[in-house]
Amino acid sequence: MKITEKLKKKLGPLGDHAHYAHGYYMYPRLEGEISNKMMFNGSEKLVWSLNNYLGLANHSEVRKADEEGARKYGLAYPMGARMMSGNTKLHEEFEAKIADYVQKEDAFLMNYGYQGMVSIIDSIVDRHDVIVYDSESHACIIDGMRLHIGKRFVFRHNDIEDCQKQLERAVRITKETGGAILVITEGVFGMRGDQGKLKEIAALKKQYEFTLLVDDAHGIGCMGPTGAGTGEEQGVQNDIDLYFGTFAKSFAGIGGFVASTKEVIMFLKYNMRSQIYAKALPMPMVYGALKRLELMRTKPEYRQKLWQITHALQNGLREAGFDIGNTNSPVTPVYLNGSIPEATALVSDLRENHNVFCSMVVYPVIPKGMIILRLIPTAVHTLEDVERTISVFKIIRKNLTEGKYNTVQTSN
Ligand SMILES: Cc1ncc(COP(=O)(O)O)c(C=O)c1O
């Protein structure tokens, strides 16, 4: 059979839902200015789906900088990879500034967080090294490890005892191979909102020799007294050897960075294949990122507002008896029980009758019978948005427990 024929038959575990979900539950089109309210399916919805944590996406100064960057440089400049012909003073200036922000010596820009993480992992370990990683690691970490030909050991999510057990195994292997150990975890886990146990993992450095790589995609800009991330929040930024952040979330842009010592960054500049063999991040992205970083550093009020909304939402949901797990970040999951047809009917009710838009997570991403409604508070939400959402959630929970979503026919 031809590959193209095979692909028509099986769309994969997510694609299996495409026949009823495409364009509505998956690949929905949110339109209009990025804010707390956007257009979906022709009417305005209160949106809780965007990682626009600090509200920078549509900030007037950010929009101005993005326009200026595009006007001054166009999207083409610089041409080529950084190493060959695509380096600029502005790229280097940004790297120095972001390194300073996250309290590291130096940094290296990446075109995408996802590809960057894959490439960081690929470049820093060899066949003799062992990777020890959290079981709920993001796909970019998993895919980076797919390129690793040495051993890797997974520890149960945030389970430090198990992490230690895997470190013991790693030590035994590296004694034989002469390799080293890389531990990878996340600052904030984007699905459940719980922070990685960076402090406890850092403490293991007293007993074991390893390098710590942290994906802080959801932490940068949000966590810590200055927004420098989850390492700052937990007082262990110095123990993070390689600190990774993306511009896809609180920066409300695109691209990412990795920060570390001067030596490590120099190594990455000459070994990270996603950057060596790909065109540099376009200048308007860098120009815009500089403005975003400036706002992040000089306007703590955006972070304060984000946390005000986060606390109001999470406290309100808890007081109303909702299970929001053990989140300790802005990411707010609401755990409910129900089948996939019930979940789709519930989300459709939320969107069509209550004008609330949030993301839904069901099997196979999480166990069968569980529904997660994932809410992302931002600095552009209001306390009124929070109140309305909690009232609506009470209604949909009542409907769900009364079996009302059972009667709705879906084609699943
Ligand atoms: C934890 C985590 N790491 C990495 C990424 C990938 O970043 P990017 O969107 O910049 O490719 C994401 C998602 O955006 C993420 O949630």
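Please treat every number below as a calculation from the coordinates, not as lab data. Keep in mind that this is a model prediction, so the values were computed, not measured. So basically every Cβ, Gly included, is an ideal-geometry build from the backbone, and we count neighbours across all protein chains shown.
Can you tell me the 0 to 90 degree angle between the C-alpha axis of helix 60-73 and the longest principal axis of the chain, rounded to 10? Value to nearest ten degrees: 50.
Relative to the longest principal axis of the Cα atoms of the chain, helix 113-124 runs at roughly 30 degrees. Distance from a point 7 Å along Cα→Cβ of LYS394 to each backbone N in segment 315-345: keep the residues under 16 Å and list them by number. Once the point is set 7 Å along Cα→Cβ of LYS394, 315-323 turn out to lie under 16 Å by backbone N, inside segment 315-345.
Annotation: extensible slack from ASP16 through LYS199 equals 61.9 nm (criterion: 0.36 nm per residue apart, minus Cα-Cα distance). Cα-based radius of gyration for segment 154-205, normalised by 2.2 N^0.38 Å, reads 1.24. One decimal place: the segment GLU402-LEU7 gains 138.2 nm when fully extended, by the rule 0.36 nm per residue minus the C-alpha distance.
Extension gain, GLN164 to LYS64, is 31.1 nm, computed as 0.36 nm per intervening residue step minus the present C-alpha separation. More than 27 Å apart: what percent of Cα pairs in the chain qualify? Tail fraction, whole percent: 55.
Here the Gaussian network model covers the chain, with springs between Cα atoms less than 10 Å apart; of HIS381, HIS22, HIS128, HIS22 fluctuates the most. Considering only the Cα atoms of segment 60-298, their convex hull presents on average a projected area of 12.2 nm². Highest mobility in the GNM of the chain, judged by mean-square fluctuation with C-alpha springs under 10 Å and restricted to VAL362, VAL62, VAL188, is found for VAL362.
Straight Cα distances below 15 angstrom link LYS404 to the aspartates and glutamates GLU342, ASP349, with same-chain residues fewer than 8 positions distant left out. Rounded to the nearest 500, the 222 nm mean residue ellipticity of the chain from helices alone is -12500 deg cm²/dmol, with -39,500 (n - 2.57) taken per DSSP H run of at least 4 residues. Taking the chain as a Gaussian network of alpha-carbon nodes connected by springs under 10 Å, the highest mean-square fluctuation of the residues LEU400, LEU242, LEU50 belongs to LEU400. Counting only residues at least eight positions apart within a chain, or on another chain, the aspartates and glutamates with an alpha carbon under 20 Å from that of LYS279 are ASP66, GLU92, GLU93, GLU95, ASP122.
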